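Read through the structure below, which is laid out as structure tokens, and then see the notes.
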Amino acid sequence: MAPKPWAEWSVALSHLALGVVSLHAAASTAKASRGAAAGFLLQALAAATMLAPGLGTDEDCLAGAWVATVIGLPLLAFDFHWVNGDRSSANLLLAGGMVLAVAGDHLGAEGRSVAGQAVVLVVAVTILIVAVFTTNTYGMWGGAMLGAAGLLSRLEEDRLLLLPKDDVCRWVLAAGSWAYHRALHTQRLQWE
């Protein structure tokens, strides 16, 4: 199959969108929630390393994406649970992410892939559950978007999509990050 002419631009634009949305979310939530801001910042930095030429090897970029997934996403979920008083779930999610981050070198490529997808889906489901019980519409959309990104990453073929699968996942993750940012803001307003 011939390469699609827009594939190179699609990669750059999807990384740029994820980076800009995540950086904006990190800056906006820094005062109210340092944990969520750190999670957004990890996502922005991982996207930036993929955009900067000569910044590192492909392995370095993949390591950045791994850390953004197994630490950054649990940090987002941590804040959702913590604000709602579910401190044990918050701590469990974050501790699980830290253990996976440390154990990443001992997992093969397939093991890291499965662990990363599991983290994405667990975080999506737990935030979705909290959002449903607190009637936080943005949180519900964010959970659905993150879950969709996790499921899209499991697709075997790109024929079903107009853009490459990884780019679609980043676009969906950017939309989910924006929704989480709005959900955090809504959640803070509810508790003030």
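The values are calculated or read from the model by the stated rules, or taken from the named source; none is laboratory data. Bear in mind that the values here come from a model prediction, so they are computed numbers and not experimental data. For neighbour counting, all protein chains shown are included, and Cβ atoms are generated from backbone atoms with ideal geometry for every residue, glycine included. Accessible surface is based on the protein model in full, side chains and every heavy atom, while ligands, DNA and RNA are left aside. Shrake-Rupley method; radii C 1.70, N 1.55, O 1.52, S 1.80 Å.
I'd like the full set of residues that are open to solvent by 50 Å² or more (accessible area, probe 1.4 Å) and among the hydrophobic types (A, V, I, L, M, F, W, C), limited to the stretch 119-143. Answer for the stretch 119-143, where residues must be open to solvent by 50 Å² or more (accessible area, probe 1.4 Å) and among the hydrophobic types (A, V, I, L, M, F, W, C): L121, V122, V125, L128, I129, V132, F133, M140, W141.
In this structure, does Q190 turn out to be open to solvent by less than 50 Å² (accessible area, probe 1.4 Å), in contact (Cβ under 8 Å) with a residue 24 or more places away in the chain and at negative phi? No, not satisfied. Residue count for the stretch 74-103, restricted to those that are among the aliphatic types (A, V, I, L, M) and either open to solvent by less than 40 Å² (accessible area, probe 1.4 Å) or within 14 Å of V125 (Cβ to Cβ) (or both): 10. For the stretch 104-118, taking the residues that are open to solvent by less than 80 Å² (accessible area, probe 1.4 Å) and out of contact with any helix residue (DSSP H, G or I) (no Cβ under 7 Å at 6 or more places or on another chain), the one that is nearest to R87 (Cα to Cα) is identified as A118. Can you find a residue that is in a loop (DSSP other than H, G, I, E, B), at pLDDT 85 or above and touching a Ser or Thr at 6+ places or on another chain (Cβ under 7 Å) anywhere in the stretch 123-139? Yes, the stretch 123-139 contains a residue that is in a loop (DSSP other than H, G, I, E, B), at pLDDT 85 or above and touching a Ser or Thr at 6+ places or on another chain (Cβ under 7 Å). Inspect the stretch 10-21 for any residue being surrounded by 18 or more Cβ atoms within 10 Å (Cβ to Cβ) and modelled with pLDDT under 80 and give the result as yes or no. Yes. Residue pairs whose Cβ atoms lie under 9 Å apart, sitting 6 or more positions apart in sequence or on different chains, and linking a residue in the stretch 83-111 that is touching a residue at least 24 places away in the same chain (Cβ under 8 Å) to a partner that is assigned to a helix (DSSP H, G or I) and of a type in the set (D, E, K, R), are V83/R188; L100/R112; G104/R112. Across the stretch 83-111, the number of residues qualifying as in a loop (DSSP other than H, G, I, E, B) and closer than 17 Å to I71 by Cα comes to 1.
Here D158 meets each of (1) modelled with pLDDT of 80 or more; (2) under 24 Å from S14 (Cα atoms); (3) of a type outside the set (F, W, Y) with one exception, condition (1).
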